[in-house]
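Accompanying notes for the structure given below.
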Amino acid sequence: MAKAPAGTVEYTKVSPDELHFDPSNPRFTRPGGRPSEAQIQTLLEKEPHIALELVDSFLANGFIEYEPLVVRRRDEGGYLVIEGNRRLAAIRHIRANRAKYEKKSARLADLDNVSVLIFPDTGDEQDQKQRVYLGVRHLFGFRDWPAESKARFLDSQIKSKADLVRTMRELNIKRHEIARYLVPLRLRKQARELWEPHKDQEFWVLGEGLNRSGIREYIGLEVEKDSLQIKGVANDRLKNLLTFVYGTPQEDRKDRRIEDTRDLSKLGKVLVHKEARAALEKGRTLEEASILIDSPDEAITRLKRLASELKVVVDVLKKRPGGSSLAAKFTTFERAVKQFISDAK
C-alpha cells in the first residue's frame with residue numbers, strides 16, 4: 001500500500017492479521033518489561049478491560065466502519081493500534097474461534113477487513129496531536145481508561161517541568177489533577193520492593209488515600225513541585241500504610257484496616273493522632289483506634305450508642321443457657337452507664 005502524503009491521516013481497510021497491540025500503551029506496560037502480544041490478548045480479555053463483552057456486538061453487527069481503529073505504521077510491517085485495542089482483542093478472539101462462532105453469526109466475513117485511520121509516523125506536531133488525542137479521549141471519560149492506565153500515560157509524558165507545563169496546556173488539565181494519578185504510580189515505582197506483596201491489589205485505593213493530608217503527613221511524602229517526581233518518603237511508615245490499606249498475603253489480607261475508600265478519611269485522622277496511630281500500629285482495628293480521637297462529648301455519645309446496641313444483643317441471648325446471668329450483669333452495667341452520663345452532665 002502506498003503511503004499518503006506526509007502529515008495526512010489516511011482511511012483504509014486492512015486485515016486484522018496486520019494489526020498489532022502497542023506494548024508501550026499505558027494499559028499494558030508493567031514493571032519488568034514489555035508484554036508479548038499473547039500476554040496483551042489475555043490481559044484485555046480479563047478485568048478491567050473485559051474485551052470479550054464486545055463479542056456479541058461483533059457477531060450481531062460486524063465491524064462498524066464509521067468507528068475505525070486508529071493505528072500507526074510499524075517499521076517491521078503492519079500497524080500498531082493506538083486506539084481500539086479492546087476491539088482488536090475481541091476480533092482476534094472471534095477469528096481464532098471461527099468454528100465456534102460461525103453457527104451464531106453470518107457476519108464473520110466482516111471481520112476479515114476492518115476500517116482504520118493511519119496516523120502519520122513522524123514529526124513533533126504529529127506526536128503532539130497523538131498525545132492530545134489519547135489524553136482527551138482516555139483521561140476525561142470519552143473512553144475512560146482505568147486509573148493505573150491514566151497514571152502510566154501521564155508518567156510517559158512528564159519527566160520535567162517543561163513536560164508538566166506542556167501537558168497541562170495541551171490537555172487543559174490542572175496540576176493537582178495530574179498529581180492524583182502520577183504521584184501514587186511514581187511512589188510505587190520508587191518503593192518497588194515494598195509494593196511487591198501488593199502488586200495485584202487495586203492501585204487506586206492508595207491513590208485515593210494520598211489525597212488525604214493525614215496520610216501524606218504520616219509517610220512523610222515529599223513531591224518535587226515542578227516535575228511531580230518523588231523527593232522523599234519514610235519507607236517504614238509506607239510499609240505500615242500498605243498493610244493498613246491492603247493487608248498482607250501471609251494473613252490472607254485479613255489484617256487490612258480499609259474495607260471501603262470511605263474509610264480513608266478516618267484513616268488519615270487516625271494517623272496524625274499520636275495515641276490512635278500507636279494503637280493502629282499495634283494491631284488495633286481502624287474503628288478501635290478512632291475511638292482514641294473522640295472528644296469527651298463524642299465518647300459519651302459513642303458509649304450511649306454502644307450500650308443501646310449491647311442491650312439488643314443481650315435480649316437475643318438471654319434465653320440461651322447462662323443468658324439470665326448475662327442479662328443481670330448487663331443490667332448492672334447499664335445502670336452504671338446511665339449514672340456516669342448523668343454525672344458527666
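The values are calculated or read from the model by the stated rules, or taken from the named source; none is laboratory data. Since this is a predicted model, take the numbers as computed values, not measurements. When we count neighbours, we look across all protein chains shown, and the Cβ atoms used for this are built from the backbone with ideal geometry, even at glycine.
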Requested in this report: Return the only residue of VAL205, VAL183, VAL165, VAL223 being surrounded by fewer than 17 Cβ atoms within 10 Å (Cβ to Cβ) and of a type in the set (A, V, I, L, M).
Outcome: VAL165
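Just name the residue that is nearest to PRO23 (Cα to Cα) out of those in region 86-103 that are free of Cβ contacts under 8 Å to residues at least 12 places away in the same chain and of a type outside the set (D, E, K, R). Full working, then the answer.
Step one: list which residues in region 86-103 are free of Cβ contacts under 8 Å to residues at least 12 places away in the same chain, which gives 96-100, 102-103.
Among the residues that remain, those that are also of a type outside the set (D, E, K, R) are: 96-97, 99.
Working: ALA96: 21, ASN97: 24, ALA99: 29 Å.
Checked region 86-103; the qualifying residue nearest to PRO23 (Cα to Cα) is ALA96.
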Report summary line: Those residues of region 64-95 which are out of contact with any helix residue (DSSP H, G or I) (no Cβ under 9 Å at 6 or more places or on another chain) and of a type in the set (Gly, Ala, Ser) amount to GLY84
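Being of a type in the set (Asp, Glu), closer than 23 Å to SER36 by Cα and either in contact with a Cys (Cβ under 7 Å, 6 or more places away or on another chain) or at pLDDT 85 or above (or both) is true for just one of ASP121, ASP155, ASP56. Which residue is that?
On the way: ASP121 fails: either in contact with a Cys (Cβ under 7 Å, 6 or more places away or on another chain) or at pLDDT 85 or above (or both); ASP56 fails: closer than 23 Å to SER36 by Cα.
The unique qualifying residue is ASP155.
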Query raised in the report: So which pairs qualify, if the first residue must be in region 250-267 and free of Cβ contacts under 8 Å to residues at least 40 places away in the same chain, the second must be part of a loop (DSSP other than H, G, I, E, B) and of a type in the set (Lys, Arg), the Cβ gap must be under 9 Å, and the two must be at least 6 apart or on different chains?
Result: ARG257/ARG284; ASP263/ARG257
Query raised in the report: With (1) farther than 30 Å from HIS198 by Cα; (2) assigned by TED's automatic domain parsing to the domain that holds LEU206; (3) not polar (S, T, N, Q) as the list, and LEU286 as the residue in question, which single condition is left unmet?
Result: (1)
Report task. Could you tell me which numbered condition GLY283 fails, if it satisfies all but one of (1) surrounded by 13 or more Cβ atoms within 10 Å (Cβ to Cβ); (2) over 22 Å from ILE341 (Cα atoms)? Result -> (1)
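Of all residues in region 193-250 being of a type in the set (D, E, K, R) and touching a helix residue (DSSP H, G or I) at 6+ places or on another chain (Cβ under 7 Å), which is farthest from LEU264 (Cα to Cα)? Even if it seems obvious, please write down each step before you answer.
Within region 193-250, the first condition is being of a type in the set (D, E, K, R), and the residues that meet it are 193, 196, 199-200, 202, 208, 212, 216-217, 222, 224-226, 231, 236-237, 239.
Filter once more, so that each one left must be touching a helix residue (DSSP H, G or I) at 6+ places or on another chain (Cβ under 7 Å): 208, 212, 226, 237, 239.
Numbers: GLU208: 8, ARG212: 8, ASP226: 27, ARG237: 16, LYS239: 16 Å.
By that ranking, first place goes to ASP226.
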Requested in this report: Only one of these is under 18 Å from ALA38 (Cα atoms) and surrounded by fewer than 19 Cβ atoms within 10 Å (Cβ to Cβ): ILE91, ILE64, ILE50. Name it.
Outcome: ILE50
**Report entry** Residues of region 193-206 that turn out to be at pLDDT below 90, closer than 25 Å to GLU177 by Cβ and not aliphatic (A, V, I, L, M), as a count
**Finding:** 4
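Of everything in region 159-190, what is closer than 20 Å to TRP204 by Cα, among the hydrophobic types (A, V, I, L, M, F, W, C) and touching a helix residue (DSSP H, G or I) at 6+ places or on another chain (Cβ under 9 Å)? Give them in sequence order. Steps first, answer last, please.
Filtering region 159-190 down to residues closer than 20 Å to TRP204 by Cα leaves 173-190.
From what is left, the residues that are among the hydrophobic types (A, V, I, L, M, F, W, C) are 173, 178-179, 182-183, 185, 187.
Scanning region 159-190 gives ILE173, ILE178, LEU182, VAL183, LEU185, LEU187.
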Query raised in the report: When you go through (1) over 23 Å from LEU185 (Cα atoms); (2) of a type in the set (Asp, Glu); (3) outside any loop (DSSP other than H, G, I, E, B) one by one for ASP236, which number turns out not to apply?
Result: (1)
Report task. Those residues that are modelled with pLDDT under 70 and hydrophobic (A, V, I, L, M, F, W, C), I need them from region 135-152; list them, please. Result -> VAL136, LEU139, PHE140, PHE142
Requested in this report: Say whether the condition of being free of Cβ contacts under 8 Å to residues at least 60 places away in the same chain and surrounded by fewer than 17 Cβ atoms within 10 Å (Cβ to Cβ) is met by at least one residue in region 242-249.
Outcome: yes
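Residue by residue through region 302-325, note down the ones that are more than 22 Å from GLU288 (Cα to Cα), surrounded by 13 or more Cβ atoms within 10 Å (Cβ to Cβ) and either within 43 Å of the chain's Cα centre (by Cα) or β-branched (Val, Ile, Thr) (or both).
none
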Report summary line: Per the filter on region 286-301, residues outside any helix (DSSP H, G or I) and either loosely packed, with under 14 Cβ neighbours inside 10 Å or free of Cβ contacts under 8 Å to residues at least 24 places away in the same chain (or both) are LEU292, ASP294, SER295
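Name the residue that is nearest to the chain's Cα centre (by Cα), counting only residues in region 192-230 that are acidic (Asp, Glu) and more than 22 Å from SER149 (Cβ to Cβ). It would help to see each step written out before you state the result.
Of the residues in region 192-230, the ones acidic (Asp, Glu) are 193, 196, 200, 202, 208, 217, 222, 224, 226.
Retained after the next criterion (residues that are more than 22 Å from SER149 (Cβ to Cβ)): 193, 217, 222, 224, 226.
Numbers: GLU193: 19, GLU217: 22, GLU222: 22, GLU224: 23, ASP226: 24 Å.
That would be GLU193.
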